[in-house]
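Here the structure is laid out as structure tokens; the discussion comes afterwards.
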Amino acid sequence: MFKLQYNTRVCFFRHLKFSIGYTIDTKHPSSRAASKSVVVDGKSYIEDEYTNVTPKILSFIGTNNHNRCGHPLNLFKQRLVDFFYDHFRGRTGNPIFSIYDKINPVVTTNENFDSLLVPKDHPSRNKTDSYYLNKTHMLRAHCTAHQSELIKMGLDNFVVFGDVYRRDEIDATHYPVFHQADGVHIFTPNELELINGTNVNVFDNDKNNSNDEKQGVYSKEANEIVTDHLKKTLVTMIKKVFGEEIEYRWISEYFPFTHPSFELEINYNGQWIEALGCGVIRHEILKNAGAGNRIGWAFGLGLERLAMPFYSIPDIRLFWSKDSGFLNQFQNLPKDGRMKYKPISIYPQCINDISFWLPKEKQFCSNDFYELVGNYGGQLVEQVKLIDQFKHPNTGNVSHCYRIVYRHLEKTLSQAEVNEVHKLIEIKATQILGVKLR
């Protein structure tokens with residue numbers, strides 16, 4: 001589920017653009033035309049003060065690991081697809097859920113934020129947290145960005161799979177590009193009656209009767225039916241994937257687009273893992289999308305978050321590996337098969353620290369440095385972490401010290417190779433961020 005603190009990996013939930021793949025302007029390797037525009041899928045977006053997307057991030061568009069046959073994310077996705085196809089069938093025996101996994105990742109800021117009631121002053125809108133093409137368009141930060149448009153198209157039951165983009169720290173479980181599954185199930189009053197077995201009043205006569213357990217517009221009975229249906233569905237799904245014996249627990253949460261809202265955690269190998277987020281869709285969202293006479297639930301999860309423990313994959317970067325030693329382990333795996341990833345080999349880390357004074361003339365954000373390290377260190381960087389901060393008592397100057405852990409996925413790095421990359425990062429940090437090395 002979409003969490004408003006962008007350093008998490010579970011999220012949910014444009015005029016839609018369906019295409020088999022997305023192309024970057026091949027005439028401009030930097031993906032930016034001479035007229036200062038960002039080109040994605042053949043369409044130009046004029047740059048402005050909001051533009052912060054980099055050529056490296058743009059290069060991920062169209063990879064679509066979740067649709068690559070034999071890729072672990074595709075295999076895990078198919079397990080979820082099979083569940084919804086098998087679990088929800090209409091009177092004719094056909095699946096009632098539709099699947100969308102080729103939607104263009106470029107969305108408007110309205111779709112990513114406003115349509116989901118995200119407050120105007122929320123930090124998730126900041127350039128330090130999201131990737132903007134310009135002030136009005138961005139790379140989706142969650143697949144929930146497509147929720148309202150799909151409902152406007154008349155869809156009641158669907159799951160969206162796709163790549164999402166966040167400016168974030170770098171470590172074994174965080175990467176600026178990852179994948180999500182976001183689902184919606186909307187009920188008519190008649191459908192609620194079929195679930196309950198008796199007549200159900202969906203709406204509360206007292207629309208101001210809102211509390212911690214329900215939205216004021218919905219009746220207590222309707223809210224309980226939908227919440228119960230939501231929880232039973234998602235627990236069944238998790239058990240189908242991880243096994244009937246999986247231990248789980250529900251945690252109350254807050255999201256601007258659902259109420260009540262919950263997180264489902266599972267105990268896997270003795271550790272509680274946040275599996276997904278969910279809740280009853282805010283009536284205002286449904287009303288704005290033309291479904292104001294209905295009630296529904298929504299959920300969202302990060303594919304990597306669950307695929308990593310499922311296949312025992314230790315590092316999120318491996319999902320982007322082109323090494324046959326990684327990918328071949330998942331080839332010809334049966335539809336319901338499961339395997340434990342076997343490391344090709346383990347290579348030693350190389351650790352270098354970098355300290356610098358922050359610029360006084362402009363704002364500095366750690367995410368800017370994390371991204372710079374990712375751009376110039378690439379796949380060699382395993383982790384970047386702020387380890388020390390210091391404020392000079394006389395001048396008031398602020399210093400940061402970051403630890404950069406280098407490790408190649410496929411070979412042992414020499415200290416000379418690491419020093420060369422580290423020196424480039426120092427130079428670029430000085431030139432681009434305006435810091436002064438210590």
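The values are calculated or read from the model by the stated rules, or taken from the named source; none is laboratory data. Computed from a predicted structure; not experimentally measured. Using ideal geometry, Cβ is built from the backbone for each residue, glycine included, and neighbour counts are taken over all protein chains shown. Just so you know, the surface numbers come from the protein's heavy atoms only, side chains and all, with ligands and any DNA or RNA stripped out. Shrake-Rupley method; radii C 1.70, N 1.55, O 1.52, S 1.80 Å.
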Filter result (closer than 17 Å to H283 by Cα, of a type in the set (A, V, I, L, M) and modelled with pLDDT under 95) within segment 153-199: L192
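So, in segment 355-412, exactly how many residues are acidic (D, E) and modelled with pLDDT under 90?
Looking only at segment 355-412, we keep the residues that are acidic (D, E), and these are 361, 368, 371, 382, 388, 410.
The next check asks that each one be modelled with pLDDT under 90; those that pass are 361, 382, 410.
Within segment 355-412, residues that are acidic (D, E) and modelled with pLDDT under 90 number 3.
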Tally, over segment 83-140, of residues that are outside any helix (DSSP H, G or I), under 17 Å from Q180 (Cβ atoms), touching a strand residue (DSSP E or B) at 6+ places or on another chain (Cβ under 7 Å) and among the hydrophobic types (A, V, I, L, M, F, W, C): 7
Residue in segment 144-156 that is over 25 Å from V226 (Cα atoms) and part of a helix (DSSP H, G or I) present: no
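Residue-by-condition table, conditions (1) of a type outside the set (A, V, I, L, M, F, W, C); (2) open to solvent by 20 Å² or more (accessible area, probe 1.4 Å):
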position	(1), (2)
S210	yes, yes
K220	yes, yes
V226	no, no
T233	yes, no
T236	yes, yes
K240	yes, yes
E247	yes, yes
Cβ pairs under 8 Å, 6+ apart, first in segment 96-113 and closer than 14 Å to R140 by Cα, second small (G, A, S) and surrounded by fewer than 17 Cβ atoms within 10 Å (Cβ to Cβ): K102/S19; N104/S19
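Does segment 42-60 contain at least one residue that is modelled with pLDDT under 50 and over 18 Å from V107 (Cα atoms)? Write out each step before concluding.
Just the residues of segment 42-60 that are modelled with pLDDT under 50, to begin with: none.
No: zero hits.
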Number of positions in segment 273-311 that are open to solvent by 10 Å² or more (accessible area, probe 1.4 Å) and within 20 Å of the chain's Cα centre (by Cα): 5
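What about V226, is it farther than 30 Å from Q78 by Cα and either touching a His at 6+ places or on another chain (Cβ under 7 Å) or β-branched (V, I, T) (or both)?
Working: farther than 30 Å from Q78 by Cα: no; either touching a His at 6+ places or on another chain (Cβ under 7 Å) or β-branched (V, I, T) (or both): yes.
No.
Looking only at strands (runs of 3 or more DSSP E) that fall completely inside segment 316-434, which ones have 2 or more residues that are aromatic (F, W, Y), open to solvent by 70 Å² or more (accessible area, probe 1.4 Å) and over 30 Å from N65 (Cα atoms)?
Working: elements: 350-357, 381-391, 398-406.
Counting at least 2 such residues, we get no strands (runs of 3 or more DSSP E) at all.
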